[in-house]
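The values are calculated or read from the model by the stated rules, or taken from the named source; none is laboratory data. Quantities reported herein were computed from a predicted structural model and do not represent experimental measurements. Positions of Cβ are backbone-derived with ideal geometry, glycine not excepted, and every protein chain shown enters the neighbour counts. Quick note on the areas: whole protein, heavy atoms, side chains included, nothing else; ligands and nucleic acids left out. Shrake-Rupley method; radii C 1.70, N 1.55, O 1.52, S 1.80 Å.
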Amino acid sequence: MGYKYKCAGCKTPCDGISKGAYNFENDVNYSERKEQYVIDQINKVAGYVAQKCDEPGYPDIMVQHGKDVFYIEIKAQRRTFMAVERVLPYAELLPSETLALNLSDLNRYFEIEKETGTRIYLMWCLENRPCIVENGNTRYFYQSTQLLKDIYSKYMDKRRFSRKSGDGDVVNGQHKGVVVNYHFSIDELKEAQDKTNFIEILSAI
């Protein structure tokens, strides 16, 4: 794909300073809106039925196509990991291409797919990255957990990062914010380019 943009000469640089404030509830609401959008787009395609998955611990969306069932986890990404080259020097990642995922979620999906044989896909909804996404738009990148597991096996802890807890992580006395993330490159994913019906992602899946 070629999304390895160097940040040094960027005319619209992303903010590289961590503010220490992570509004968990705001992130959840935003992610749920993106989740519903994906459900709506898939349901426009004849033969596919998508709905929110109620099975505890499973990905966000269950999709049925005849007797076939698979799952899609939605990750809405609005922040850029500008320090990735400094804090993860062996990850082979640049800020422009880096996407994050809760490590515990990733491992859980590996286990679900192994135990059930059901296909699982991770989809990142990317915004607020001027070198990749035009202002106000969203781009959708996805990959199967099978291929993500191969990448994980290659890099292991080289792409793992733990951040400090910040304001907004604790909700009603419980720590909800994600503090241990794993990172992938956009170049390791596929893009669902047709925003009107998602035929591309479904045909690829």
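For this structure, a couple of remarks:
- Local net charge near E111, Cβ-Cβ under 12 Å (Lys/Arg +1, Asp/Glu -1): 0
- Of the GluC sites (Glu not before Pro) in the range 70-154, the ones in a loop by DSSP (not H, G, I, E or B) with at most 10 other beta carbons within 10 Å are E134.
- Residue-by-residue Karplus 3J(HN,Hα) for the range 126-143, coefficients 6.51, -1.76, 1.60, Hz, glycine and proline x: 9, 9, 6, 9, x, 6, 10, 10, 5, 3, x, 9, 10, 10, 10, 10, 9, 6
- Accessible surface ranking that places the most exposed of R79, R108 first, with a 1.4 angstrom probe: R79, R108
- Rounded to 5, the percent of DSSP beta bridges in the range 1-151 classed as antiparallel: 65
- Using only side-chain charges placed at the Cβ, +1 for Lys and Arg and -1 for Asp and Glu, the dipole size of the range 31-144 relative to its Cα centre rounds to 260 debye.
- Karplus-based coupling profile of the range 77-88, in residue order and whole Hz: 10, 10, 10, 10, 7, 5, 8, 4, 5, 7, 8, 10, with θ = phi - 60° in 6.51 cos²θ - 1.76 cosθ + 1.60 and x standing for Gly or Pro.
- Flagged links, alpha-carbon separation over 28 Å, of K11/K149; K67/K149; K34/K154; K67/K158; K4/K44: K11/K149; K34/K154; K67/K158; K4/K44
- Note on D157: accessible area approximately 110 square angstrom, rounded to 10, probe 1.4 Å, nucleic acids and ligands left out.
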